[in-house]
Amino acid sequence: MTRRVPRLALAGLLLVLGACAVPHARRTDVLFWNQPQREAAFRAMDTHYASNVVHHGTPYPLPAGTPLHPRFADGTTLERYMADHHVAGIMVVQHGKVRLERYGLGAGPATRWTSFSVAKSFTATLVGAALHDGAIHDLDDKVIRYIPELAAGAYRDVTVRQLLTMTSGVRWNEDYADPASDVARMYEGTRQPGVPLLVSYMSALPRQFAPGQQWVYKTGETDLVGILVTRATGRTLAAYLAEKVWEPYGMASDAFWLKDDVDGTEAGGSGVSATLGDYARFGQFLLDGGRAGGRQVLDDGWLADATATHAGIGAPGRGYGYQWWTYDDGGYAGIGIFGQLLHVDPARELVIVQLAAWPVATSDAEALARAAFVRAVIAGAGD
């Protein structure tokens with residue numbers, strides 16, 4: 001690419017981030033809530049944590065289509081699946097029409113449910129928009145071009161592309177059950193004036209592998225991607241998402257994006273809360289080629305590149321793209337802890353959304369059940 005990078009709007013960034021909110025609970029407390037707390041809070045995260053509003057536009061229609069009946073290989077019913085796995089909502093859109101919509105846990109069409117790591121895919125999509133706008137010059141730029149505070153540490157030679165694919169080589173522990181893990185502690189530490197707390201934490205991490213050598217899942221790195229987008233564009237993630245997608249494509253409701261209640265930094269790796277229908281619209285926006293309001297939002301070739309496999313994850317038939325989990329059949333998914341899912345299947349023009357409150361953040365048994373649900377939907381999609 002030969003685009004010129006506009007001068008970063010650092011001088012006005014604190015004004016863009018907005019006034020600080022009254023302090024809330026630690027953001028990583030969510031990892032250790034009990035089941036009643038989870039089911040109550042996942043629908044109201046903006047009442048627990050500071051957040052920015054993602055303003056919606058004129059609703060993009062999602063008309064009803066022919067009802068779809070998932071065909072589980074073991075004969076499980078959809079109702080049983082939802083009850084057993086604490087599912088708050090399921091929506092399947094095919095060819096732009098809603099073929100399945102169900103709710104549980106007291107949720108409904110107006111409920112905004114938290115996304116956890118599905119938000120990573122939102123953040124990566126904003127990178128595609130920032131490339132299109134010329135705010136980000138090239139994926140092979142060094143990260144320190146946009147976040148110079150990282151220059152003294154292990155991120156000094158890491159590129160934007162390596163950050164997107166989680167192949168930085170920086171050491172990280174993503175154990176959600178361990179209060180001493182990096183993912184549980186990344187919003188803690190001593191604040192430095194003008195430096196996001198997350199940047200201070202990440203800048204002190206040691207190197208484990210050479211950049212580009214090894215894939216290791218790191219939520220903190222997607223938070224860095226979010227900060228990079230904000231630095232490059234001079235916009236909060238919420239404002240940029242609203243400008244590029246939420247308003248022009250026609251999401252039906254405002255969303256929320258959680259932020260640090262002192263420095264205003266949004267959590268690029270998690271923290272979006274939206275309705276079931278608007279998650280499905282986001283998937284449809286991607287199926288529509290990343291166009292909104294009659295305009296191309298994403299850089300040329302971005303979507304195909306972002307959803308291609310760039311890193312192996314040690315699982316047959318699966319890989320990792322730019323903050324998307326990829327599949328050999330051409331499908332891709334945003335996946336969040338506690339059961340969240342946005343699965344896009346271009347070959348079948350299919351979007352599958354699941355919102356949930358699993359009893360644990362991650363579980364092989366829960367993940368296998370969710371994968372079986374996706375297969376059941378695909379099996380029924382041809383009916």
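Restricting attention to the stretch 242-268, which residues are within 21 Å of Val297 (Cα to Cα) and open to solvent by less than 10 Å² (accessible area, probe 1.4 Å)?
Ala242, Val245, Trp246, Gly250, Met251, Ala255, Trp257, Gly268
Report, by residue number, each residue of the stretch 63-75 that is in contact (Cβ under 8 Å) with a residue 24 or more places away in the chain and open to solvent by 30 Å² or more (accessible area, probe 1.4 Å).
Pro63, Ala64, Thr66, Pro67, His69, Arg71, Ala73, Asp74
Exactly one of (1) in contact (Cβ under 8 Å) with a residue 60 or more places away in the chain; (2) more than 22 Å from Arg102 (Cα to Cα) is unmet by Glu243. Its number?
(1)
Sort out which residues of the stretch 36-62 are open to solvent by less than 60 Å² (accessible area, probe 1.4 Å) and within 25 Å of His95 (Cβ to Cβ), and write them in order of number.
Answer for the stretch 36-62, where residues must be open to solvent by less than 60 Å² (accessible area, probe 1.4 Å) and within 25 Å of His95 (Cβ to Cβ): Gly57, Leu62.
One line per residue, one yes/no per condition, for (1) in contact with a Gly (Cβ under 6 Å, 6 or more places away or on another chain); (2) of a type in the set (A, V, I, L, M, F, W, C); (3) under 14 Å from Ala135 (Cβ atoms):
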position	(1), (2), (3)
Tyr187	no, no, no
Thr190	no, no, no
Ser200	yes, no, no
Lys218	no, no, no
Leu224	no, yes, no
Thr230	no, no, yes
Gly234	no, no, yes
Lys244	no, no, yes
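Looking at Ala107, is it modelled with pLDDT of 95 or more, closer than 11 Å to Leu276 by Cβ, open to solvent by less than 60 Å² (accessible area, probe 1.4 Å) and in a strand (DSSP E or B)?
Against the criterion (modelled with pLDDT of 95 or more, closer than 11 Å to Leu276 by Cβ, open to solvent by less than 60 Å² (accessible area, probe 1.4 Å) and in a strand (DSSP E or B)), Ala107 does not qualify.
Considering only the stretch 163-258, give the helices (runs of 4 or more DSSP H) lying wholly within it that have at least 2 residues that are more than 19 Å from the chain's Cα centre (by Cα).
In the stretch 163-258, 197-203 are the helices (runs of 4 or more DSSP H) which contain 2 or more residues that are more than 19 Å from the chain's Cα centre (by Cα).
Take the residues in the stretch 83-104 that are outside any loop (DSSP other than H, G, I, E, B), open to solvent by less than 20 Å² (accessible area, probe 1.4 Å) and of a type outside the set (Val, Ile, Thr); name whichever of them is farthest from Ala356 (Cα to Cα).
If we take residues in the stretch 83-104 being outside any loop (DSSP other than H, G, I, E, B), open to solvent by less than 20 Å² (accessible area, probe 1.4 Å) and of a type outside the set (Val, Ile, Thr), then Gln94 is farthest from Ala356 (Cα to Cα).
The values are calculated or read from the model by the stated rules, or taken from the named source; none is laboratory data. All values reported here derive from a predicted model rather than from experimental measurement. Reconstructed Cβ throughout: ideal geometry from the backbone, glycine too, with neighbour counts over all protein chains shown. We work out accessible area using only protein heavy atoms, side chains counted, and drop any ligands, DNA or RNA first. Shrake-Rupley method; radii C 1.70, N 1.55, O 1.52, S 1.80 Å.
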